[in-house]
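For reference, the structure is listed below as structure tokens.
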Amino acid sequence: MSSIMSSMELWVWPSIAMVIFLGVFVGVAIRVLRATKTECDHNASIPLFDGTEQNQFASSGTHPALAPSQKGEAR
Amino acid sequence: MSHPAQATQPIGEDGATRLESFKYDDAIVRKFVLATVLWGVVGMLVGLIIAVQLALPAANLGLEWTSFGRLRPLHTNAVIFAFAGNALFAAIYYSTQRLCKARMFSDVLSNLHFWGWQAIIVSAALTLPFGITQGKEYAELEWPIDLAIAVVWLGFFGVNFFGTLAVRRERHMYVALWFYIATIVTVTMLHVFNSLAIPVTLTKSYSVYAGVQDAFMQWWYGHNAVAFFLTTPFLGLMYYFLPKAAEKPVYSYRLSIVHFWSLVFMYIWAGPHHLHYTALPAWASTLGMLFSVMLWMPSWGGMINGLLTLRGAWNRVAVDPILKFYVLGITFYGMATFEGPMLSIKSVNALSHYTDWTIAHVHSGALGWNGFMSFGMIYWLLPRLFQTNLWSKKLMSTHLWIGTIGILLYVIPIYTGGITQGLMWRAFDASGRLAFPDFVETVTALMPFCWIRVVGGLLYFVGVLMLALNTVMTVLNRAKVYDEPIITAPALAPRYIDPPVPETQLAGNLGVALAADSVFVSGWFHRVWERKPLKFTILAIVAVVTASLFEIIPTFLISSNVPTIASVKPYTPLELAGREIYIAEGCYNCHSQMIRPIWAETKRYGEYSKPGEFVYDHPFQWGSRRIGPDLAREGGRQSNDWHVRHFKNPRDLNANSIMPTYEHLLNQPLDFEGIQRRVDVMAMLGVPYGENVKSGKAIEAARVQAKQMAEDLVKQGGFEGMGDKKVIALVAYLQRLGKDISQPADAPAAPAVAPTARETFKAGDKVLSANVSAKEGAR
């Protein structure tokens, strides 16, 4: 194994690394650029609804886990 | 506005909403919070003590257990793994339950985790001051404790965390959970691979790696311990507790996704920047530098996301000390993560490395980012966990300001001192000679800065005492019986039906584009990962493992990375025993053994260090700091007598030295009987000991060399009766350092009597050049 590795050119390693990095970055970029505002708003608001605030929703009969999150806050 | 998938998802087998009731386990969070405060006081007190010792060596009271070399690892372990560790556990246990809308998977595992971790911390406190250490920075704990860490971290904590994810009632995993996942899997990987060692005794082991490869593994671990123990879990903390305290959602969830993946993917590459200009292959350190510079962007992305979360709430920041803690903590994070990439640039690192500049950088991050984020979280949690008002808001506010002033008084003088130190080391006079040839000149110049640092550290410590007082008083006023609200949340349906994938908008384009778009449309692939813990965890592992392998495989397998040098021989059994004392006393905390190919260094210390010189060093001892001079070529520079007197009291030979006294080494007997076992283990690791491995041979060889050195010592007018004392082994080791490279290739493995004269070293220089050029390839 050591002999095989030693015969390889070193430039191969950073080049492959760069391709992998760019692939990951492009994939993540596509994900975030095409996410909907609705979805982001919901996800960003998850910490604000942990179940302890349920009483405030009792009158509406809506459980906070299923309730709409705050509008217009997250990007 | 609920998640479109969730809105259409039938909940329960009958399609109706089925609510489940449960309680959050806050008892475990209370325990971790109290442990955080306790260990914060202990760890920072030890830090304060060793800061005083740098300015006033006598502050160690002449005790071997309280010397700088032994207490510094205790300080770093206490603040990193005890203080910050318990803080991140408190954060994870509190937030994970609420983000998953589920109680922790197992109360038993929670408690095993808590008590197991505290037992590990106590074990560290009971071993490090006694010199029981592996001698690798931030990974000093010996193998039984290392095994315990693996069990507690992954077996108790990891299983409990992932079990909670498995039983969660919130479909989407919030971004804080991603950071926790990355923390758990990466720390496991780092800890296991860096700690691979062969036990010699219950309290001693040798790293399976040697020299360059050990250094690479250590700083792959060391840097990423900062990344995945002090950064990612605290970013998770920020993404949860900052929105909670500000009562506003995070500024940009999109940015948090980019932040996570780019940080996790890039951080793991950056370790080699700790080894610029050392014997590490240049390609590896350059790669580390490039990724470190790129790392600036995701780091600042996170900082910006944190600070902008407070948009529209800055009026509250003005009156809320908790938000101020967060703002200052995130700001320090931003400063530290700007400075880190800057220090990783080779030309900057040439000046900063080994100086106090690095210490200032570390403390701006640790005191500002980790400290203040933890304090903000604790102050926010105390009233909620103990169900009473915080005892004193005024004291909390005072803590904030005294802590801030303390940080500034701590780091600013060390920045100044560090740069002064670096410039003095490389200063030349008009005739081309070192302007400050006596190393101690560069030490005494820093004394005023050391004292200001003590004041800064004292102020910060007083702030921590205020936190402790506030915590104790709040706990004393706690509710008699805790109200444990029953939470109800709908269970997740056992089977999840994905909403239809949005249709492509690329109609009419090339087939390849259409195919790609069917995969990537709306980033659907990632959206699915975000609700699948196993898949997400595997991908996080792939991200960190890929990066690691691209650096580790070439370093370990390409032979030209570590060219061998024919004249480099294993340490003699006595020198090996001395090396163990060097490690036990923590000498690496103040002395490096790595001369960089920089003119000022070769002028001061001699020929630069070669990778092939360290092939038998299990573990490597390159160090990361020069409170004292480099020792890579110490062999033959001073007489045996000088060394023994220097250990007895350094100030007898150099009035301005700040080195602790090591008189105990002149009195304590050397364990000759244990040497055989040590040589055997080294042989097992591939060190070619030959005849010495035979039973009893190593002990006999050690006794012969010790006897000869002791006689030589007496001839020089030195102390009598040193032949069976620890000091003789340590002196034998020091006299060997850096000498092999100047010996002919066919020289015997060790001199019969340790060399004593400076002339020996100078004479060797003539052999050195030819020897190296013949045996070592270009770096």
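The values are calculated or read from the model by the stated rules, or taken from the named source; none is laboratory data. What you see is a predicted model; the values in this text were computed from it and never measured. In this analysis, Cβ positions are derived from the backbone assuming ideal geometry, glycine residues included, and neighbour counts consider all displayed protein chains.
A few points about this structure:
Rundown of residues vs (1) aromatic (Phe, Trp, Tyr); (2) surrounded by fewer than 24 Cβ atoms within 10 Å (Cβ to Cβ); (3) modelled with pLDDT under 95, yes/no style:
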residue: B:Ile11; (1), (2), (3): no, yes, yes
residue: B:Ile28; (1), (2), (3): no, yes, no
residue: B:Gly40; (1), (2), (3): no, no, no
residue: B:Asn60; (1), (2), (3): no, yes, yes
residue: B:Phe83; (1), (2), (3): yes, no, no
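- Annotation for the range B:246-263: at least one member residue is closer than 30 Å to B:Asp214 by Cβ and touching a helix residue (DSSP H, G or I) at 6+ places or on another chain (Cβ under 6 Å).
- The single condition among (1) under 16 Å from B:Thr537 (Cβ atoms); (2) modelled with pLDDT of 95 or more that B:Ala150 does not meet is (1).
- Only residues that are part of a helix (DSSP H, G or I) and touching a residue at least 60 places away in the same chain (Cβ under 8 Å) were counted in the range B:82-109, giving 18.
- Residue match in the range B:195-212 (condition: over 20 Å from the mean Cα position of the chain (by Cα) and farther than 29 Å from B:Glu64 by Cβ): no
- Residues considered: B:Thr564, B:Thr546, B:Thr602. Of these, the only one that is at pLDDT 95 or above and surrounded by fewer than 18 Cβ atoms within 10 Å (Cβ to Cβ) is B:Thr602.
- Annotation note: of B:Ile402, B:Ile419, the sole residue that is under 21 Å from B:Trp357 (Cα atoms), surrounded by 13 or more Cβ atoms within 10 Å (Cβ to Cβ) and among the aliphatic types (A, V, I, L, M) is B:Ile419.
- When residues in the range B:615-647 are screened for being in a helix (DSSP H, G or I) and either among the acidic types (Asp, Glu) or touching a residue at least 40 places away in the same chain (Cβ under 8 Å) (or both), 6 of them pass.
- As for the range B:708-726, it holds no residue that is within 16 Å of B:Leu576 (Cβ to Cβ), β-branched (Val, Ile, Thr) and assigned by TED's automatic domain parsing to the domain that holds B:Asp630.
- Any hit, the range B:44-56, residues being closer than 26 Å to B:Arg651 by Cα and not in a helix (DSSP H, G or I): yes
- Here is the figure for the range B:408-440: residues that are without any contact (Cβ under 8 Å) to a residue 60 or more places away in the chain and assigned to a helix (DSSP H, G or I) total 11.
- Flag if B:Trp269 is surrounded by fewer than 24 Cβ atoms within 10 Å (Cβ to Cβ), among the aromatic types (Phe, Trp, Tyr) and either assigned by TED's automatic domain parsing to the domain that holds B:Gln97 or farther than 28 Å from B:Ile541 by Cα (or both): no
- Members of the range B:454-483 that are within 14 Å of another protein chain (Cβ to nearest Cβ) and in contact with a helix residue (DSSP H, G or I) (Cβ under 9 Å, 6 or more places away or on another chain): B:Tyr482
- Residue satisfying all of: in the range A:25-49; facing chain B (nearest Cβ under 7 Å) and over 13 Å from the mean Cα position of the chain (by Cα); modelled with the lowest pLDDT among these: A:Thr38
- Filter result for the condition that a residue is surrounded by fewer than 19 Cβ atoms within 10 Å (Cβ to Cβ) and more than 19 Å from the chain's Cα centre (by Cα), over B:Asn305, B:Asn315: B:Asn315
- Exactly one residue among B:Ser392, B:Ser344 is farther than 30 Å from B:Lys480 by Cα and among the small types (Gly, Ala, Ser), and that residue is B:Ser344.
- For B:Phe229, the conditions (1) surrounded by fewer than 24 Cβ atoms within 10 Å (Cβ to Cβ); (2) on the phi < 0 side of the Ramachandran plot; (3) within 14 Å of chain A (Cβ to nearest Cβ); (4) touching a residue at least 40 places away in the same chain (Cβ under 8 Å) are fulfilled apart from (3).
- Within the range B:264-293, the residues that satisfy the criterion of being β-branched (Val, Ile, Thr) and more than 13 Å from every other protein chain (Cβ to nearest Cβ) are B:Thr278, B:Val293.
- Residue under evaluation B:Trp269, criteria (1) within 22 Å of B:Trp380 (Cβ to Cβ); (2) within 18 Å of the chain's Cα centre (by Cα), criterion not met: (1)
- You will find that of B:Ala489, B:Ala516, the residue that is at pLDDT below 90, of a type in the set (A, V, I, L, M, F, W, C) and part of a strand (DSSP E or B) is B:Ala489 and no other.
- The residues of the range B:669-704 that are assigned to a loop (DSSP other than H, G, I, E, B) and on the phi < 0 side of the Ramachandran plot, listed by number, are B:Leu670, B:Asp671, B:Phe672, B:Glu673, B:Gly674, B:Leu685, B:Val687, B:Pro688, B:Tyr689, B:Lys694, B:Ser695.
- Of all residues making up the range B:161-188, the number that are out of contact with any His (no Cβ under 9 Å at 6 or more places or on another chain), closer than 20 Å to B:Pro298 by Cα and at the interface with chain A (Cβ under 9 Å from one of its Cβ atoms): 2
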